[in-house]
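S.K.: Here it is: the structure, laid out below.
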Amino acid sequence: MSTVTLTYREASRAGIRHALATDERVFLMGEDVGAYGGAFAVSMSLLEEFGPERVRNTPLSESAFVGAGIGAALNGMRPIVEVMTINFSLLALDQIVNNAATLRYMSGGQLSVPLVVRMATGAGRQLAAQHAHSLEVWYAHIPGVRALAPATPEDARGMLLAALDDPDPVFIFEHATLYPLEGELEETPHAVDIDHAAVRRGGDDVTLVTYGGSLGKCLQAAETLAADGIDAEVIDLRTLRPLDTETILASLAKTHRLVIVDEGWKTGSLAAEVSAQIMERGFDLLDWPVRRVCTAEVPIPYAKHLEEAALPSTERIVHAVKEMAF
Amino acid sequence: MSQVLPAERGLRRVIGDGASVPDGQVDGLSADDLLALYRGLVLLRTYDERSVVYHRQGRIGTYAIFWNHEAMQVGSAFALERRDWIFPSYRESAIGLLRGMPVATVLQWWRGHPAGWWNPLDWNVASICVPIGTHVPHAVGFAWGAKLRGEDRVALVMFGDGATSEGSVHEGMTFAGVTKAPVILFCNNNQWAISTPVSEQTAAPTLAEKAIGYGMPGVRVDGGDVLAVYEATREAVARARAGDGPTFIEAVTYRAAPHATADDPSLYIDEERVAEARENECVGRFARYLERAGLLSEDVAAEIKDDALARLREGIAEAEAEPPADPALVFDYAYASPPPGLADDLAELRRILGR
């Protein structure tokens, strides 16, 4: 098997390029996706390769271009819609919640919305309270859609291709700090499994459950803990809806301790949902109350040191683990 | 009075070109007023140019450049009374300077420091809107509220060409028309929304003609002509005060600088048009107008520039003299009365920071 080293950004682009090259129903649209290559340079050069009919700049009208994506999908196309950042997706919420997510159900299964919506999420780049949300849990709340959070280059590429194979709307949340992250991938692009979480590091003492931009922090925390003789297992949820609780339960059967790390706000978070599902199905496995490390329940601050203080950090993860008795 | 150039779809201009197009005049503006406009232009230009440098030096965060937008900001703000409100987008972050806001305050805002939180009630300048066009309904509601309260107060809201595609702007303008709110909807059409040209933003030949659909007049002015902007805004303000409702102003210019410090326009922009826009930039255009009228000597121009530079030097020194905020600030101001959970979060933060 030959491999290739790509950044998360390049891997996401490779997925889009592969889809455009192999499926004529696929097109990409969004703000600045053309000559500019997208706000995060994911679609750089795709305009030259595929032309303006298939790599399409849109007006600044999120509701219109997500809605148009729904319409095109209904008519048999496979649109990839790039919403620049998750805060702008709020302007398309009615299209997403009331339309994309409901049309199959409300038509008795006669309609299908094979729409893929990608967006950057998360904080850590000093973009402040209106540009740094982690609202993916809102999308994970909605029946009728699938929500994916690639944390590695392999997933950035393969999840996009899997999403295009899905007959229902799929939302892909790319954490904005991950784009420069490098990884080794199989040379040939292919869809990856989007039904299961992944164990990114094996361990026997405590389970760290996370996703997206917090995976790196958890792996780093695991190294710190290892130096102190605590062997942490790190699980990457990957798919935020539907959640793969089985993988977590299997881990807890070994470790009996759970810390959930989630850049969202704690109240009503994915961490809350994971915790609730473990309470329901894995209570007897636990030797210690579940702990959550989330973002402070305030709008995201702008100043660097304040933003860092508000977000989950390696230190906070290590501290949460060390508060447990071993 | 301004002249209307039909070849350029009704674009109003006052400043001539020093050759074939003669200079016009705006009634009621004294020589002191004209120099005050010029001081405003130079102050904003100096602020902007220094801010790009401060960003490159790591002294302020990502910064939205407004080079060659100064005439739109100065001309429109000058047509307002102090009691009137301005609702800026990120492109007008320094517009408070025109009302005497300290330079240090605006620089602190771009440093993420609490000293940068100017009180909108002190300056009648709303906080900066980073989402695109979502402040338009706020300005409309503010103005409508002022009307309902019987206040003689108008609101000016500023946004770009890209914002005209957003639902909030469409809905806000619809609402302004229906309520006859005393609001001026000021669009700085610099012809680019990051990399998207206005031709990909709308199929309408001009943005001004959209106004008819909202039941309000639409006016088109040369956005590089501070006098034309002033005059058009003054007329709109008079309409608003007279109870005749909103006006949409499309001020046309060309974005001659990057969208923001994080942008690389070489990927998409027309360099020839940029060079042309830089050649014809708005501060120099007005300086030449004043020189032709015998109102601006080299000495006075130098004094105005030196004064602006001195204010910037003092401003950045003052801004940087402030110590960084205590991390406890993370938890302040999310609520008027913080819920108990925030105290737990703060205690955890202090424990981790060891203080």
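S.K.: Using a Gaussian network model of chain A with C-alpha springs under 10 Å, which one of A:E154, A:E246, A:E280 is most mobile by mean-square fluctuation?
M.R.: A:E280
S.K.: Also: Using alpha carbon coordinates only, what is the Rg to Rh ratio of the range A:198-322, with Rh defined as the Kirkwood radius?
M.R.: Using only Cα positions, Rg/Rh for the range A:198-322 is 0.95.
S.K.: Enter the mean number of other protein chain beta carbons within 10 Å of the beta carbon of each residue in A:61-69, as an integer. Mind showing how you got there, number by number?
M.R.: Numbers: counts 10, 4, 2, 3, 1, 0, 0, 0, 0.
Neighbouring Cβ atoms belonging to other protein chains average 2 per residue here.
S.K.: Now a separate question. Provide the percentage of antiparallel DSSP beta bridges, counting only those with both residues in the protein assembly as shown; round to the nearest 5.
M.R.: 20 percent
S.K.: Rounded to the nearest 0.05, what FRET efficiency is calculated for A:M1 and A:T22 with R0 set to 30 Å and r the Cβ-Cβ distance? Kindly include the intermediate steps, with their values, before the conclusion.
M.R.: Values: r = 20 Å, r/R0 = 0.67.
The value I calculate is 0.90.
S.K.: Next up: Kindly state, to the nearest 0.05, the FRET efficiency for B:R56 paired with B:A310, given R0 = 22 Å and r defined as their beta-carbon distance.
M.R.: For B:R56 and B:A310, the calculated efficiency is 0.55.
S.K.: Then there is this: Give the accessible surface of the range A:1-77 per residue, rounded to a whole number of Å², with probe radius 1.4 Å and ligands, DNA and RNA excluded.
M.R.: 39 Å²
S.K.: Under 16 Å from the 7 Å Cα→Cβ point of B:S127, by amide nitrogen: which residues of the range A:111-134?
M.R.: A:127-133
S.K.: For B:A36 and B:A115, FRET efficiency with R0 = 30 Å and r from the beta-carbon atoms, rounded to 0.05?
M.R.: With R0 = 30 Å, the Cβ-Cβ based efficiency is 0.65.
S.K.: At a probe radius of 1.4 Å, figure out the B/A buried accessible area, summed over both chains, and give it in Å² to the nearest 100.
M.R.: Values: alone 15950 and 13600 Å², together 26760 Å².
Buried: approximately 2800 Å² between A and B.
S.K.: Please calculate how many Å² of accessible area chain B carries per residue, with a 1.4 Å probe and no DNA, RNA or ligand atoms counted.
M.R.: 41 Å²
S.K.: Could I ask something else about it? Where the Cα atoms of the range A:1-101 are projected onto their three principal axes, how long is each span, largest first, in whole Å?
M.R.: 44, 28, 26
S.K.: Taking H as built 1.01 Å from N, whose amide H comes closer than 5 Å to the amide H of A:T85, not counting residues under 5 places away?
M.R.: Excluding prolines and chain starts, which carry no amide H, the hits are A:A120.
S.K.: Fully extended, how many nm does the chain gain between B:L148 and B:A347 (0.36 nm per residue separation, minus their Cα-Cα distance)?
M.R.: Result for the pair: 67.0 nm of gain on full extension.
S.K.: Now, a different point. Dividing the convex hull volume of the Cα atoms of the range B:52-190 by its residue count, what figure in Å³ per residue is obtained?
M.R.: Hull volume over Cα atoms, normalised by residue count, gives 104 Å³.
S.K.: From the protein chains alone at 1.4 Å, what is the descending order of accessible area for B:E231, A:E187, largest first? Write out the running numbers ahead of the final one.
M.R.: On the way: B:E231 5, A:E187 105 Å².
Listed by decreasing accessible area, they come as A:E187, B:E231.
S.K.: Can you give the relative contact order of chain B as a percent, counting alpha carbon pairs under 8 Å and 6+ residues apart?
M.R.: This gives 22 percent for chain B.
S.K.: Can you give the accessible area of B:W117 in Å² (nearest 10), computed on protein heavy atoms with a 1.4 Å probe?
M.R.: Near enough 150 Å² of accessible area.
S.K.: Using only Cα atoms and rounding to the nearest 10 degrees, what angle (0 to 90) does helix A:8-22 make with the longest principal axis of chain A?
M.R.: Around 40 degrees separate the two axes.
S.K.: If you don't mind, there's one more thing I want to ask. For the range A:111-142, list whatever residues lose no less than 10 Å² of accessible surface once every protein chain is in place, relative to that chain by itself, with the probe at 1.4 Å.
M.R.: Buried by 10 Å² or more upon assembly, which counts only protein chains, are A:Q126, A:L127, A:Q130, A:H131.
S.K.: Measure off, as a whole percent, the carbon and sulfur share of the 1.4 Å-probe accessible area of the range B:6-157, all protein chains present.
M.R.: 52 percent
S.K.: How many angstrom separate the Cα center of the range A:1-66 from the Cα center of the range B:97-170?
M.R.: After rounding, the separation between the Cα centres reads 35 Å.
S.K.: Give me the net charge of A:A253's neighbourhood, meaning all other residues with Cβ under 14 Å from the Cβ of A:A253; Lys, Arg count +1, Asp, Glu -1.
M.R.: Numbers: positive: A:K254, A:R257, A:R281; negative: A:D204, A:D205, A:E233, A:E246, A:D284, A:D287.
Computed value for this residue: -3.
S.K.: Next question. Can you give the convex hull volume per residue for the Cα atoms of chain B, as a whole number of Å³?
M.R.: For chain B, the hull spanned by Cα atoms encloses 157 Å³ per residue.
S.K.: Another one. Normalise the Debye intensity by I(0) for the range A:259-326, one equal point scatterer per Cα, no solvent, then take log10 at q = 0.15, 0.16 Å⁻¹ and round to two decimals.
M.R.: Ignoring solvent entirely, the Cα scatterers give -0.53, -0.59.
S.K.: Here's a follow-up. Net charge around A:M324, counting only other residues with Cβ within less than 11 Å of its Cβ (Lys, Arg = +1; Asp, Glu = -1)?
M.R.: Within the 11 Å Cβ shell, the charges total 0.
S.K.: Same structure again: Take the Cα radius of gyration of the range B:12-121 and divide it by 2.2 N^0.38 Å, with N its residue count; two decimals is plenty.
M.R.: Values: Rg = 15.8 Å, N = 110, 2.2 N^0.38 = 13.1 Å.
Here the answer is 1.20, to two decimals.
S.K.: Hey, another quick one. How long are the three semi-axes of the equivalent ellipsoid of the protein assembly as shown, in whole Å, if each is the root of 5 times an eigenvalue of the C-alpha gyration tensor, listed from largest down?
M.R.: 48, 29, 23
S.K.: Another question, if that's okay. Please work out the Cα center distance from the range B:291-355 to the range A:133-178, rounded to the nearest Å.
M.R.: Each part's Cα centre sits 38 Å from the other's.
S.K.: Using a Gaussian network model of chain A with C-alpha springs under 10 Å, which one of A:R54, A:R78, A:R146 is most mobile by mean-square fluctuation?
M.R.: A:R54
The values are calculated or read from the model by the stated rules, or taken from the named source; none is laboratory data. Please read all numbers here as calculations on a predicted model, not as lab measurements. Positions of Cβ are generated from backbone atoms using ideal geometry, with glycine treated the same way; all protein chains shown enter the neighbour counts. Only protein heavy atoms, including side chains, enter the accessible area calculation; ligands, DNA and RNA are left aside. Shrake-Rupley method; radii C 1.70, N 1.55, O 1.52, S 1.80 Å.
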